[in-house]
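In what follows, a single structure is set out as C-alpha cells and then discussed.
What follows draws every value from the coordinates through simple rules; no lab data is involved. All values derive from a computational prediction rather than experimental measurement. Here the Cβ positions follow ideal geometry from the backbone for every residue, glycine too, while neighbour counts run over all protein chains shown.
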Amino acid sequence: MLQEFIPVFIQVIIATGFAVATLIASVVLGKRALRNKVKDSAYECGMNPIGSGQARFSVKFYLVAMLFVLFDIEVVFLYPWAAVFREQIGEGATVFFWSMLGFVGILFFAYLYALKKGALEWRS
C-alpha cells in the first residue's frame with residue numbers, strides 16, 4: 001500500500017527542494033538594499049502618508065449590506081421551489097404551496113421589522 005504513495009512523496013520532496021533552493025538563491029544572489037526613512041515610508045499615489053489609512057463609514061452601510069445579503073440569499077431559495085412547483089401541482093401541492101407561503105410570510109415580516117426599526121433610513 002505504501003508503494004502507491006511513492007510518486008506523491010517524490011513530488012512533495014521536489015516541490016519543497018525547489019522552494020528552499022529558490023529562497024536560498026535569492027538571498028545569495030540578490031542585492032542588499034540601502035534602508036533609510038524615506039525609502040521605508042509608505043508610498044500611495046505620490047501623496048505623503050498623512051492621517052489615518054482607513055476612512056470611517058457609518059454603520060448604516062454595513063447594516064444595509066447585511067440586509068441585502070440576507071434577503072438576496074433568501075430569494076435564491078425561491079428559484080428551486082418555482083422550478084419544481086409545476087411538477088408538484090399534480091401531486092397535491094397544498095402542503096408544498098403553504099410551506100413556501102409561510103417562508104415568504106416570514107421574510108415579509110422580517111422586512112417590515114427592518115423598516116420599523118429604521119434600518120433602511122439614511123437620514124437618521
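Points to keep in mind about this one:
- Pair-distance distribution of the range 59-116: all C-alpha pairs, bin width 10 Å, starting at 0; shares per bin in whole percent are 20, 42, 24, 11, 2.
- Unit charges at the beta carbon, dipole of the chain: most positive-side option, A110, A65, V27: V27
- Overall form of the chain per C-alpha gyration tensor (a/c, 1.5; a/b vs b/c): oblate
- Summed side-chain charge close to F68 - residues other than F68 whose Cβ falls under 14 Å, Lys, Arg +1, Asp, Glu -1: -1
- Protection proxy ranking for 13-20, 59-66, using the average of other Cβ atoms within 10 Å per residue and placing the highest first: 59-66, 13-20.
- Per-residue ellipticity at 222 nm computed for the chain from its helices equals -21500 deg cm²/dmol, with DSSP H segments shorter than 4 residues left out and the rest contributing -39,500 (n - 2.57).
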